[in-house]
Amino acid sequence: MQTIEPSALKALLREAWTAQLSHVDLWHAEEPPADISARKGDGLVELIVRQHLKNFLLWHVEDRARRTDVDDHVITLCKREIDGLNQQRNDLMEQVDAWLVHAIESFPVQQRIPDGSRRFSTETVGAALDRLSILSLKIFHMREQTVRSDVDLAHLTRCREKLSLLEAQHGDLSRSILELVDEYAMGVKSPKVYFQCKMYNDPALNPELYAATPVAG
């Protein structure tokens, strides 16, 4: 990756969360792909959209898993699909963070921070982008509720209030991400990713999995 200026990174981030919002509309208008294949040279926006697709698919599988008019076998399949999509979602979030850390570390250094004085955020930019992805889904579905013709005025009013709150939350989080990039550029904070220590899908770490595995020999 070539060196990227903070202003250019912020422009990419704006493009990314705009793409999240537009793809929610697009994927509801036409069947989304089961996956977006990685292409050589994929950039940040493409990577974020790939991660966003996992949240889109998760949203609808989780809706299906809450049905009460189907048998338990259907719900079991849903739960397994949710587990797989969640793992993919987190894998891609880490790829987004790895891209971002590499980009941020290429910023021109304005001040050196001693290791003992380094400041960090409560979450990574990748995690914040994941929250924006989920917010974009909430905004779409809450907006659907505001135009229903089969509900009373009280329902419509509540949903319009919630939609306004979600849009404000999206705007506040977007601005916070851009401010964090500025803090990285000024040397006020440092990016740091701990990467996954997830145990439930690892057959060597989940006791329910390794206890059920026959011992060789």
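The values are calculated or read from the model by the stated rules, or taken from the named source; none is laboratory data. Fair warning: this is a prediction, and the values are worked out from it, not measured in the lab. Note: ideal-geometry Cβ built from the backbone for every residue, glycine included; neighbour counts use all protein chains shown.
Data overview
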{"quantity": "Residue, surrounded by the fewest Cβ atoms within 10 Å (Cβ to Cβ), within the stretch 60-82, restricted to residues that are among the charged types (D, E, K, R) and over 27 Å from residue 21 (Cβ atoms)", "calculated": "69"}
{"quantity": "Condition met for residue 49 (within 30 Å of residue 192 (Cβ to Cβ) and without any contact (Cβ under 8 Å) to a residue 40 or more places away in the chain)", "calculated": "yes"}
{"quantity": "Out of 57, 53, sole residue that is out of contact with any strand residue (DSSP E or B) (no Cβ under 9 Å at 6 or more places or on another chain), surrounded by 14 or more Cβ atoms within 10 Å (Cβ to Cβ) and under 30 Å from residue 7 (Cβ atoms)", "calculated": "53"}
{"quantity": "Test: residue 144 is modelled with pLDDT under 95 and charged (D, E, K, R)", "calculated": "no"}
{"quantity": "So residue 161, is it at pLDDT 95 or above, loosely packed, with under 13 Cβ neighbours inside 10 Å and not aliphatic (A, V, I, L, M)", "calculated": "yes"}
